[in-house]
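Novice: One structure coming up, written as structure tokens, with questions to follow.
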Amino acid sequence: MARYTGPKTKIARRFKDPIFGPDKAMEKRPYGPGQHGPSKRRGGKQSEYAVQLAEKQKAKYTYGILEKQFSNLFVKASRMKGITGEVLLQLCESRLDNTVYRMGISPTRRGARQLVSHKHVTVNGEVVNIPSYTLKIGDVVGVREKSKSLEAITASLTSNNKKYDWLDWNNSDMTGKVLNIPARDMIPENIKEQLIVELYSK
């Protein structure tokens, strides 16, 4: 399974945004990595291309998607009805690993991806182990029966207090339903998707 496995704090510091979740190191050093990270000169004016590229990289790292997959998602989004940038983020949000994370089954997207690939998650009652699986409205995501006692899952659900309008989670039977596709203002990620569209449109 292809995925990014490198350092997380270093990447988050590059974008000056805790894209992988709360990070104490990020709080202590909220500037770029490396010996020139804190220097004022580093904050010089970037080219338009550099700004657009950085936004695309940020989106890729946020959702844990590699270059080829992300490029394919953009092509798919550009062929669909609606605003391309918004549709792109909706496709990212509709991935199974992201939905498992949003429902609180795992505290991180990386952990959610692992749960899916290790066959702990079901979709409409069937085990699905493809993190990039695209969910549709009405799909029911659940924790596999014999995985419901896993400490990683129960601990995550206990500490989770986030709710999203497009998802309905039932804690008693550990299942959640996709109610609709989220509008852009429902997606909390700090991503300027229009910059990504401009980059791919060059």
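Novice: In the stretch 139-178, which residues are assigned to a loop (DSSP other than H, G, I, E, B), more than 15 Å from LEU91 (Cα to Cα) and not charged (D, E, K, R)?
Specialist: The answer is SER149, LEU150, ASN160, ASN161, TYR164, ASN171, SER172, MET174.
Novice: Considering only the stretch 113-136, how many residues are without any contact (Cβ under 8 Å) to a residue 60 or more places away in the chain and either touching a Leu at 6+ places or on another chain (Cβ under 8 Å) or of a type in the set (Ser, Thr, Tyr) (or both)?
Specialist: 10
Novice: Let me ask another. What number goes with the only condition from (1) among the charged types (D, E, K, R); (2) in a helix (DSSP H, G or I); (3) more than 15 Å from the chain's Cα centre (by Cα) that LYS136 does not pass?
Specialist: Looking at each condition in turn, LYS136 falls short on (2).
Novice: State which residue is surrounded by the most Cβ atoms within 10 Å (Cβ to Cβ) when the search covers only the stretch 184-201 and only residues that are touching a residue at least 60 places away in the same chain (Cβ under 8 Å) and not in a helix (DSSP H, G or I).
Specialist: ILE191
Novice: Something else about it: Just checking, which of LEU150, LEU179 is touching a strand residue (DSSP E or B) at 6+ places or on another chain (Cβ under 6 Å) and surrounded by fewer than 17 Cβ atoms within 10 Å (Cβ to Cβ)?
Specialist: Being touching a strand residue (DSSP E or B) at 6+ places or on another chain (Cβ under 6 Å) and surrounded by fewer than 17 Cβ atoms within 10 Å (Cβ to Cβ) holds for just one of LEU150, LEU179, which is LEU179.
Residue-by-condition table, conditions (1) at pLDDT below 95; (2) in contact with a helix residue (DSSP H, G or I) (Cβ under 8 Å, 6 or more places away or on another chain); (3) within 15 Å of THR99 (Cβ to Cβ):
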residue	(1), (2), (3)
LYS136	no, no, yes
SER149	no, no, no
ILE153	no, yes, yes
ASN160	yes, no, yes
ILE187	no, yes, yes
GLU193	no, yes, no
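The values are calculated or read from the model by the stated rules, or taken from the named source; none is laboratory data. Quick caveat, the model's predicted, so the values are computed rather than measured. In this analysis, Cβ positions are derived from the backbone assuming ideal geometry, glycine residues included, and neighbour counts consider all displayed protein chains.
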